[in-house]
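Undergrad: Supplied in structure tokens, the structure appears directly below.
The values are calculated or read from the model by the stated rules, or taken from the named source; none is laboratory data. Just so it is clear, the structure is predicted and the values come from calculations on it, not from any experiment. With ideal geometry, Cβ positions are generated from the backbone for all residues, glycine too; neighbour counts draw on all protein chains shown.
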Amino acid sequence: MGRIGRIVLAAACLVIAGCTVDGQASAGAVDLSPRAVPSTDFPGGSASRVPPPAVPGALADLTGRPLHGSVIPAQCTPAAVSADGAAVLVGPDPAASTATFTEAIVHADVPLDEVTALARRCPRTASGSSPTAMSAVITEVLPAPRRSGVATGAERRQLTTGGTGSSAITTSTTTLLAQRDGVRVIVEYRHQGAAPMSAQAGARLDALFSRAVDAAFG
């Protein structure tokens, strides 16, 4: 399996949702894949599409809603988005071997202002599938990028598993969102460690987001 293949597998098997994925996108919803950003527009010039059986797990990671587990407190559980008709692509950061860029386009019923309002109410949560497989999650709402004709939002999350000792693993994500007419674009940068992403990575994330919004909404 090549590097991109390993990245796609990792994107579907991250610390929140685990690697067990049940269910596939059902037929019926409009296929959004033609509105996804081309893989050649990713910062490294390439990306791989997450296979349909793994899309529910990838969306669980992107939204912070565990596929097999719970959020504590329960009232802080993010709304789910449907895998039906969704497309998810993952590509490497050419400047960091353990970092990835992800773009997803999904059908979503919940407005973005509700997504960011929940994040503001719940800056510290725990998420996972069991007491021994929980992650401590810190969420920060960021200034939303400005894009004409679409609702936008942004947030940063820090997920730590394994307690606070030397065995703890911390993953950080920065996510940009755009939504119009029940279709949501999610663009995320994910890297290891608690440090903020670099200015270079931030510029690449902004550029990918702009291309993804253009591809999705014209």
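Undergrad: Count, please, the residues in the range 102-123 that happen to be of a type in the set (D, E, K, R) and part of a helix (DSSP H, G or I). Spell out the reasoning first.
TA: Narrowing the range 102-123 to residues of a type in the set (D, E, K, R): 103, 109, 113-114, 120-121.
Of the ones still in play, those that are also part of a helix (DSSP H, G or I) are 113-114, 120-121.
So the answer is 4.
Undergrad: Name the residues in the range 32-48 that are surrounded by 15 or more Cβ atoms within 10 Å (Cβ to Cβ) and out of contact with any helix residue (DSSP H, G or I) (no Cβ under 6 Å at 6 or more places or on another chain), would you?
TA: LEU32, ALA36, SER39, PHE42, GLY44
Undergrad: Also, I was wondering about something else. So which residues in the range 65-116 are among the small types (Gly, Ala, Ser), in contact with a strand residue (DSSP E or B) (Cβ under 9 Å, 6 or more places away or on another chain) and free of Cβ contacts under 8 Å to residues at least 60 places away in the same chain?
TA: Filtering the range 65-116 for residues among the small types (Gly, Ala, Ser) gives 69-70, 74, 79-80, 82-83, 85-87, 91, 95-97, 99, 104, 108.
Retained after the next criterion (residues that are in contact with a strand residue (DSSP E or B) (Cβ under 9 Å, 6 or more places away or on another chain)): 69-70, 82-83, 85-87, 91, 96, 99, 104, 108.
Within the range 65-116, SER70, SER82, ALA87 meet the criteria.
Undergrad: Still on this model: Would you mind stating whether GLY165 is at pLDDT below 95 and at positive phi? First the steps, then the outcome.
TA: Details: at pLDDT below 95: yes; at positive phi: no.
Criteria not met by GLY165.
Undergrad: Moving on. Only one of these conditions is not met by PRO73: (1) in contact with a helix residue (DSSP H, G or I) (Cβ under 6 Å, 6 or more places away or on another chain); (2) over 20 Å from SER172 (Cβ atoms). Which number is it?
TA: Single failed check for PRO73: (1).
Undergrad: I would also like to ask the following. Scan the range 128-163 for residues that are closer than 30 Å to ASP181 by Cα and hydroxyl-bearing (Ser, Thr, Tyr) and jot them down.
TA: THR139, SER148, THR152 - these are the residues of the range 128-163 that are closer than 30 Å to ASP181 by Cα and hydroxyl-bearing (Ser, Thr, Tyr).
Undergrad: If I ask for residues that are aliphatic (A, V, I, L, M), exposed (fewer than 15 other Cβ atoms within 10 Å of the Cβ) and modelled with pLDDT of 95 or more, which ones from the range 193-206 would you list? Steps first, please.
TA: To start, the set of residues in the range 193-206 that are aliphatic (A, V, I, L, M) comprises 194-195, 197, 199, 201, 203, 205.
This time we only want the ones that are exposed (fewer than 15 other Cβ atoms within 10 Å of the Cβ), so: 194-195, 199, 203.
Matches in the range 193-206: ALA199, ALA203.
Undergrad: I need a count of the residues in the range 42-62 that are of a type in the set (A, V, I, L, M, F, W, C), touching an Asp or Glu at 6+ places or on another chain (Cβ under 9 Å) and not in a helix (DSSP H, G or I).
TA: Total meeting the criteria: 2.
Undergrad: Filtering the range 144-157 down to residues that are without any contact (Cβ under 8 Å) to a residue 40 or more places away in the chain and not in a strand (DSSP E or B), which residue is farthest from ALA203 (Cα to Cα)?
TA: In this case the residue turns out to be SER148.
Undergrad: From the list ALA74, ALA133, which residue is touching a Ser or Thr at 6+ places or on another chain (Cβ under 8 Å) and surrounded by fewer than 23 Cβ atoms within 10 Å (Cβ to Cβ)? Step through it out loud before you land on a result.
TA: Values: ALA74 fails: touching a Ser or Thr at 6+ places or on another chain (Cβ under 8 Å).
Result: ALA133 is the single residue among ALA74, ALA133 that is touching a Ser or Thr at 6+ places or on another chain (Cβ under 8 Å) and surrounded by fewer than 23 Cβ atoms within 10 Å (Cβ to Cβ).
Let's see how each residue does on (1) surrounded by fewer than 21 Cβ atoms within 10 Å (Cβ to Cβ); (2) at pLDDT below 95; (3) aliphatic (A, V, I, L, M):
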residue: ALA58; (1), (2), (3): no, no, yes
residue: SER82; (1), (2), (3): yes, yes, no
residue: THR100; (1), (2), (3): no, no, no
residue: VAL106; (1), (2), (3): no, no, yes
residue: ARG120; (1), (2), (3): yes, no, no
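Undergrad: Test each condition in (1) at pLDDT below 50; (2) closer than 28 Å to ASP206 by Cα; (3) among the hydrophobic types (A, V, I, L, M, F, W, C) for ALA25 and report the one that comes out false.
TA: (2)
Undergrad: Which one of THR173, THR160 is buried (at least 21 other Cβ atoms within 10 Å of the Cβ) and not in a loop (DSSP other than H, G, I, E, B)?
TA: Details: THR160 fails: buried (at least 21 other Cβ atoms within 10 Å of the Cβ).
Answer to the selection: THR173.
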